[in-house]
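Report on one structure; see the data block that follows.
Throughout, read-outs are computed from the coordinates displayed, never taken from laboratory work. Quick caveat: nothing in here was measured; it's all calculated off a predicted structure. FYI the Cβ positions are ideal-geometry reconstructions off the backbone, even for glycines, and counts take in every protein chain you see.
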Amino acid sequence: MIKAILVFNNHGKPRLSKFYQYFNEDLQQQIIKETFQLVSKREDNVCNFLEGGSLIGGSDYKLIYRHYATLYFVFCVDSSESELGILDLIQVFVETLDKCFENVCELDLIFHVDKVHYILNELVMGGMVLETNMNEILNRIEEQNKLENKEAGISAAPARAVSAVKNMNIPQQIKDIKLPDLPQAIKDLKF
Amino acid sequence: MALKKVKGNIERMFDKNLTDLVRGIRNNKENEVKYISQCMEDIKQELRQDNLAVKSNAIAKLTYLQMLGYDISWAGFNIIEVMSSNKFTLKRIGYLAASQSFHCDSELLMLTTNMIRKELNSQNQFDAGLALTSLSCFISTDLARDLSQDILTLLSSTKPYIRKKAVLMMYKVFLKYPEALRPAFPKLKEKLEDPDPGVQSAAVNVVCELARKNPKNYLSLAPVFFKLMTTKTNNWMLIKIIKLFGALTPLEPRLGKKLIEPLTNLIHSTSAMSLLYECINTVIAVLISISSGMPNHAASIQLCVQKLRILIEDSDQNLKYLGLLAMSKILKTHPKSVQAHKDLILQCLEDKDESIRLRALDLLYGMVSKKNLMEIVKKLMLHMEKAEGTLYRDELLSKIIQICAQNNYHFITNFEWYVTVLVELAQMEFGSKQGHIIADQLIDVCVRVTAIRPFAVNEMSQVLDVYASSTQFTIMQDVLYASAWLCGEFVTELQKPESTLISMLKYKNLPQKIEIVFLQNILKLYARCLMLYEIAEDYDKIDGMYEVTQKKLRNSLKSPEIEVQERASTTLMMLEIVQEEIMKRKEQKGNLIDEHEDESDETKPTTKIDEEHTVAASLMVLFAGELNPVAPKAQKKVPVPEGLDLDDLIEEPSLDESSSSDSEYEQMGNLFYKSEQKPDRERYQPELTEEERVKIREARKHEQANNPHYLKGAAKRDNDNGSDNYQVEDIPIAELALPVQLKVLSKRSDKYLNLESGKSKKKKSKSKGKEKRKEKKVESSTDGEDDAPNVIVSQNIEIPEGATLSDSESSHDNMDDPHRALNIDLDLPSFEESLVGHPKLTDKDEKKKTKKHDKHDKKRIKDKKSAKKSPPQAEDLIINDLLLVDEVEQNQQDDSSHVKVQDEILVGDNEVQEKKKKKHSKKDKDEKEKRKHRHAGDGTADAGKDKSKKKTKKSKRKEGDKENTKSHSKNVGKLKMEFDTLVKTDDDYEEAHGISTPSKEFR
């Protein structure tokens, strides 16, 4: 079983956290922090396994991680998982991300953490490996994207327009403008 | 209406979406907290809107904030709202948030049941998939119970995508709702041969997880897995299967033998390292499980070790790590073959990777011999000087000590060396927190190895000297504790007690725990010095010593620690009394000298003080007697006084009392179990006849025998035939003449202890006559006890199976482990068919569920039929596969006969069942409630009745075949237990299943 999947950057900022066992938010943060400290002090050319996360796991659990450029992908697994198998799985995960985002980089994960979750959900479900065949995974993701696009249709047009506009590097102030009175004003209109 | 829509859209235009939130947080690095709290306010605003799109936007942002550590449970209701949307896009956001923030104790979950059911039955596979994925993260017992049927139907969905997810989901359902396992299992088994590789892989995955915790229930699937293993090429699945076999082989050695060949082939043929590694691992497990006797063993081990060597030599650190890991498994059973690779392992100690060094250290443990111990330890100590990181240093330290101390210091030929090493370690690692280990070792060695005492004590006094003369910490404080104690305890071995006393008096700033040891031992040293001076009649020195000592002690009187104060004042008072006495003697002596001044020299020797008459001697009486180590289990061996039968009921039972006494030894948890006492409980209390009581008692004993968590006495445990015919009178009971005399009863386990100690004694005396182990002198009333059990032994005292240390400690954890409840023998047809009417339900529930049950019934009947057929099929399969031709097959046959017999009970004995049902429904009413309070005791009572009923039935039946009846009664026993578990309430199912066969953990 996989107990948790964590992705954080070289500074320990979480980019994705998925716990398959319940921890409250504070504990989750502590786990991320501890895991980061354990993993980050290791050099790049050492092995990808380590024991001894005190918060997560126990004697039966291992942290298996891979370090890609600015990101750490850490899986916390018990002894029923094959160590090398999980390493492969991380590779599959990253390659899938790469396909979905076209040359994935940290920014993609930062801004589309929800999408990353959806992708991960096609690989792992409830702590168990769901699918390891990348084509299969990609197909499913594609189909679901289509479904979303279809739904979006016309109703999403304004939203899309807005987000397009927003992405056009408009100064921050405009974006942060709030129009609290507007809905009230509309409500007050009488017919 | 239209306006509302427009309004929503306009708002959305200006709402911040997730991207904006992320960007905002990045732009407000300095006051992130403030920015986020502002965003939270916005989100709360948005959640108040009616527009689901707005809400989902808010929820998406919340999900992001949750990752950053913000609690979003307050938005649970809104999340559910978004989940209920018709649009996949929005729903998806809701389900994601739910999977991230909900957990099985969320109260809101009950709101989701119907919604999720709707999704599960949706036409769109992604709707169902979404719900399944999310549900897997937060499923609760209630959800599992209510949805298990729906998920079960999904197993036969036409879409592999759904099947796959449903299969995995079933595992989560089992964990929360173990009762689902039995009805679902046949389907799950089918999925092992699903045409879709993904589904198949998922099913393998689930069965592996199940089997990992309760392997014996899945032995019958071995042929299926064997087939899969030899025909499939999906590495992922192969790894799982091979891992599963690793778990199964310890239970069925014949399986292991069959496995070796294909596994060896795989090892030779595969190019995938992950697969290769798992194959090696399983081969190792097989080899461990087969206790020698096969000639080609050596070859297999050799192959494994060779392959592992290749892995370890690989430049890939991962392979190196795994190689070492697997090597340590071989080490336990075949140390010789690993020892051949000592060079390689020592080399790994130099590795820059800490994980690898730690693994290598583990291996080192098995590498040492008498010859190379010193060399290896020296290397390790060199390492320690260089090593960085406290974790690793601590590990090194404890490993050094472990290596040396293993097997009662088996490998140590020179204890002077060892003491020196310990002192060196203490000086090297004075900052470490591992001091207590070293201190314990020092004390242990000195106490147990008499010959080393002079050396060790003087070494210790040096340590104290160094400590006294330097101003900085140069040694672990804990070691001072050991030194002070040893110097005091074995003061006669000290060369210069007075100087040691002076060093000890210079203590400063010690922790309380150590200071009190100092105080106590200062007194011991003082007594010794006093004795020496008295004999020498050097009263001036005594005075001087008294002055110094009492001055220091007066300082300690001011200590803030109460314990220190107390000891200091006691010591001080004692010194004063002694000093008074000394003064008297001094005067006397002065007088004597005056008197005899002119007399001849001949009389003088008579005034010479001998040891026994010194004042010091009376002080030393306080510390007289040898301290001996006590075996951790010694307490257990104190014989039970005559006339005390621990199994006897203290009072003749009304049922309630028996239950309370049951709960005492059955489940401590019961003490804390909130019993919902109903006022009219007494009314239902049935009168028990004497016969019934006997039955109850027997049943309870039987249960105790089967209950792995019941700590039995050793004598009882030894009685393999079960405790049914166990007679208290048969145990030899020694008289207990307390308080002075303590007779230690020899038990069977003692024999091993004696053997072992004898062995190790021999070995030691061979290796060096120097070390003698102290035997505990057992003061006993009888004379023939020369070979009284040696109680000191040993780190490796044999632990009775029910009473392993971990067991008693982690019993609480075990209770939490959901896998215990999944320990269900799946080969047996469900007994619940016959009992379906009886599950414990309140009347309301019963009404609600009758419909459902009817459905269940039909289904079960089907299942039953298939169960009837399936065993022979399984048999055929086995024969075809030529897998487990001999024993397993027989087992299967047995099984199938069980099944038939069982079916007869179920189908043929309808009458009896009717009767039973009636009886049950009568009894059930009153027992239901009682069970709540005392499931353990009552369960057994029931069991007894059931059993006896079965017995009478059985005698009516024509089968006289002994084998059959025997196995049958066994079956009934099992089924009875299952029945017991069935009627338990949900929250105590764990306890209930504790009764059934023990789940063994794997090494």
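Sort all Cα-Cα distances of the range B:305-405 into consecutive 5 angstrom bins from zero, then give the percent of pairs in each bin up to the one containing the longest distance. Percent of Cα pairs in each bin: 2, 13, 27, 25, 19, 11, 2.
Counting, for every residue in A:144-151, the Cβ atoms of other protein chains within 10 Å of its Cβ and taking the mean gives 4. Considering only B:Ile562, B:Leu505, B:Leu530, the residue lying farthest towards the positive end of the dipole of the range B:485-602 is B:Ile562, judged by Cα position with unit charges set on Cβ. Once you reduce the range B:378-403 and the range B:175-246 to the center of their Cα atoms, the two points are 43 Å from each other. Taking amide H atoms as placed 1.01 Å from N in the peptide plane, the amide H of A:Lys3 lies under 5 Å from those of A:Cys76, A:Val77, A:Asp78, each 5 or more residues away in sequence or on another chain. Taking amide H as placed 1.01 Å from N in the peptide plane, the amide H of A:Tyr68 sits under 5 Å from that of A:Phe73, each at least 5 places away or on another chain. Here the peptides B:270-276, B:418-424 are ranked by packing, the mean other Cβ count within 10 Å, and the order with the highest first is B:418-424, B:270-276. Taking other C-beta atoms within 10 Å as the exposure proxy, B:Ser148, A:Ser79 rank A:Ser79, B:Ser148 from fewest upward.
The mean sequence distance of close C-alpha pairs (under 8 Å, at least 6 residues apart), as a share of the length of the range A:72-134, puts its relative contact order at 28 percent.
Along the range B:488-493 the Karplus relation, 6.51 cos²θ - 1.76 cosθ + 1.60 evaluated at θ = phi - 60°, assigns HN-Hα couplings of x, 5, 10, 4, 5, 7 Hz to successive residues, with x for each Gly and Pro. Could you tell me which of rounded, prolate or oblate describes the range B:151-244, using a ≥ b ≥ c as the square roots of the eigenvalues of the alpha-carbon gyration tensor, with rounded for a/c under 1.5 and, failing that, prolate when a/b is larger than b/c and oblate otherwise? Oblate is the answer for the range B:151-244, as a/c is 1.5 or above yet b/c matches or exceeds a/b. Remark: the Cα gyration tensor places the range B:455-530 in the prolate category, a/c being 1.5 or greater and a/b exceeding b/c. Look at the stretch B:159-166: the mean tally of other chain Cβ atoms within 10 Å of its residues' Cβ atoms is 2. For the range B:1-159, how big is the tail of P(r) above 21 Å, as a whole percent of Cα pairs? Of all Cα-Cα distances in the range B:1-159, 49 percent exceed 21 Å. Classify the range B:92-200 as rounded, prolate or oblate from the Cα gyration tensor: take a ≥ b ≥ c as the square roots of its eigenvalues, call it rounded if a/c is under 1.5, otherwise prolate when a/b beats b/c and oblate if not. Oblate shape, in that a/c is at least 1.5 and b/c is the bigger or equal ratio.
Suppose R0 equals 45 Å; then what is the FRET efficiency for B:Lys513 and B:Met110 from their Cβ-Cβ distance, rounded to the nearest 0.05? Step by step, r from the Cβ atoms, then E = 0.25. Neighbouring Cβ atoms from other chains, within 10 Å of the Cβ of residues in A:128-140, number 5 on average.
A Förster radius of 56 Å combined with the Cβ-Cβ distance from B:Lys232 to B:Gln462 puts the calculated FRET efficiency at roughly 0.25. Modelled this way, with points 7 Å down the Cα-to-C-beta line, the labels at B:Glu651 and B:Trp74 are 5.4 nm from one another. Ranked for footprinting exposure by Cβ neighbours inside 10 Å, fewest first, B:Phe490, B:Phe455, B:Phe225 give B:Phe455, B:Phe490, B:Phe225.
Peptides B:303-315, B:58-70 ordered by packing proxy, namely the average of other Cβ atoms within 10 Å per residue, highest first: B:58-70, B:303-315.
Between B:Tyr539 and B:Ser469, the FRET efficiency from the beta-carbon distance, with R0 = 35 Å, is close to 0.75. By other beta-carbon atoms within 10 Å, ranking B:Ile401, B:Ile345 with the fewest at the front produces B:Ile401, B:Ile345. A dipole drawn for the range B:216-354 from +1 and -1 charges on Cβ atoms has a positive end, and of B:Ile330, B:His297, B:Leu344 the residue lying farthest that way is B:His297. Residues in the range B:566-574 carry Karplus couplings, in order, of 4, 4, 4, 5, 4, 4, 4, 4, 5 Hz; the curve used is 6.51 cos²θ - 1.76 cosθ + 1.60 with θ = phi - 60°, and Gly or Pro positions show x.
Taking 32 Å as the limit for the C-alpha separation, the pairs B:Lys87/B:Lys213; A:Lys146/B:Lys189; A:Lys115/B:Lys164; B:Lys213/B:Lys307; A:Lys41/B:Lys176 exceed it in the case of B:Lys87/B:Lys213; A:Lys146/B:Lys189; A:Lys41/B:Lys176. Distance between the modelled labels on B:Tyr365 and B:Glu424, one decimal in nanometres: 2.3 nm (7 Å Cα→Cβ projection). Subtracting the Cα-Cα distance of B:Gln347 and B:Glu566 from 0.36 nm times their residue separation leaves 73.4 nm of extension gain. Modelled spin-label separation between A:Asn24 and B:Asp316, with each label point placed 7 Å from Cα along the Cα-to-Cβ direction: 4.3 nm. Beyond a 20 Å Cα-Cα separation, which of these cross-linked pairs lie in this structure: B:Lys332/B:Lys379; A:Lys62/B:Lys61; B:Lys243/B:Lys329? Where the Cα-Cα span goes over 20 Å, the pairs concerned are B:Lys332/B:Lys379; A:Lys62/B:Lys61.
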